[in-house]
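**Q** One structure coming up, written as structure tokens, with questions to follow.
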Amino acid sequence: MVQTREERLKKKRESAKKYRDNNKDKKKEYCQNNKEQIAEYKREYYQNNKEHMAEQNREYYQNNKEQLAEKHREYYENNKEQIIEKHREYQQTPAAKKARTMDSWRRMGVINVNDEMYNHYIASTHCECCSKEFSSSRDRHLDHDHETGEYRWVICCSCNNHDNWKKITH
């Protein structure tokens with residue numbers, strides 16, 4: 001009896017499934033013993049096939065947009081409390097505060113916002129204009145040129161409101 005192509009493929013898939021089912025423990029053991037080599041292979045593969053993988057991901061997303069959105073909504077509904085709690089916890093971390101502060105500067109028009117600028121801002125204890133000690137973190141302001149967006153210095157609330165920095169530079 002001559003098998004059709006579909007029958008041969010079906011038989012091949014069944015055989016492969018049977019092999020995988022019979023060798024699950026061996027595969028698990030192999031993966032445990034070769035974690036680093038597998039991770040290195042995956043990194044190399046990703047680096048060598050970045051564009052191709054990105055294209056595949058875009059195609060998959062385009063073809064499954066509605067299902068993915070529904071799956072996301074479902075997950076959110078089922079895990080709403082945990083997601084909200086995790087978000088609240090994250091918002092209290094130094095990383096979140098840093099991200100919020102730097103984003104605020106960008107929205108105000110400060111250009112070239114970077115970690116060095118943020119670290120200088122956080123480390124500042126005195127106004128760089130009048131040398132007054134900051135009484136709280138809310139008293140500290142990042143001064144910038146509103147036309148160019150260039151950062152000037154860290155100043156106190158009073159110097160910021162009264163433009164005292166102009167008296168020093170002019």
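**Q** Based on what the data block shows, is residue 69 aliphatic (A, V, I, L, M), under 30 Å from residue 113 (Cβ atoms) and either assigned to a loop (DSSP other than H, G, I, E, B) or open to solvent by less than 100 Å² (accessible area, probe 1.4 Å) (or both)? Can you show your working first?
**A** Working: aliphatic (A, V, I, L, M): yes; under 30 Å from residue 113 (Cβ atoms): no; either assigned to a loop (DSSP other than H, G, I, E, B) or open to solvent by less than 100 Å² (accessible area, probe 1.4 Å) (or both): yes.
So residue 69 fails the test.
**Q** With the checklist (1) surrounded by 11 or more Cβ atoms within 10 Å (Cβ to Cβ); (2) among the hydroxyl-bearing types (Ser, Thr, Tyr); (3) not in a helix (DSSP H, G or I) in hand, flag the one item residue 60 doesn't pass.
**A** With respect to (1) surrounded by 11 or more Cβ atoms within 10 Å (Cβ to Cβ); (2) among the hydroxyl-bearing types (Ser, Thr, Tyr); (3) not in a helix (DSSP H, G or I), residue 60 is out only on (3).
**Q** Okay, moving on. Name every residue in the stretch 18-35 that is of a type in the set (Phe, Trp, Tyr) and surrounded by fewer than 10 Cβ atoms within 10 Å (Cβ to Cβ), in order of residue number.
**A** Initial filter on the stretch 18-35 (of a type in the set (Phe, Trp, Tyr)): 19, 30.
19, the sole residue that qualifies.
**Q** Do the conditions hold for residue 38, that is, is it more than 30 Å from residue 100 (Cα to Cα), surrounded by 11 or more Cβ atoms within 10 Å (Cβ to Cβ) and of a type in the set (A, V, I, L, M, F, W, C)? Outline the logic, then answer.
**A** Working: more than 30 Å from residue 100 (Cα to Cα): yes; surrounded by 11 or more Cβ atoms within 10 Å (Cβ to Cβ): yes; of a type in the set (A, V, I, L, M, F, W, C): yes.
Criteria met by residue 38.
**Q** Among the numbered conditions (1) closer than 23 Å to residue 162 by Cα; (2) in contact with a helix residue (DSSP H, G or I) (Cβ under 9 Å, 6 or more places away or on another chain); (3) not hydrophobic (A, V, I, L, M, F, W, C), tell me where residue 115 comes up short.
**A** Single failed check for residue 115: (1).
**Q** Of the residues 84, 111, 38, only one is among the hydrophobic types (A, V, I, L, M, F, W, C) and under 18 Å from the mean Cα position of the chain (by Cα); which?
**A** Working: 111 fails: under 18 Å from the mean Cα position of the chain (by Cα); 38 fails: under 18 Å from the mean Cα position of the chain (by Cα).
Testing whether each residue is among the hydrophobic types (A, V, I, L, M, F, W, C) and under 18 Å from the mean Cα position of the chain (by Cα) leaves just 84.
**Q** For residue 165, which of the numbered conditions (1) open to solvent by less than 40 Å² (accessible area, probe 1.4 Å); (2) at pLDDT 90 or above fails to hold?
**A** Exception for residue 165: condition (2).
**Q** Limited to the stretch 98-124, what total is found for residues that are open to solvent by 70 Å² or more (accessible area, probe 1.4 Å) and either at positive phi or in contact with a strand residue (DSSP E or B) (Cβ under 6 Å, 6 or more places away or on another chain) (or both)?
**A** Result for the stretch 98-124: 1.
The values are calculated or read from the model by the stated rules, or taken from the named source; none is laboratory data. As the structure is a computational prediction, the values presented were derived from the model and not from experiment. No Cβ is skipped: glycine too gets one built from the backbone with ideal geometry, and neighbour counts run over all protein chains shown. Each accessible area value is taken on the protein alone, full model and side chains, heavy atoms only, with ligands, DNA and RNA left out. Shrake-Rupley method; radii C 1.70, N 1.55, O 1.52, S 1.80 Å.
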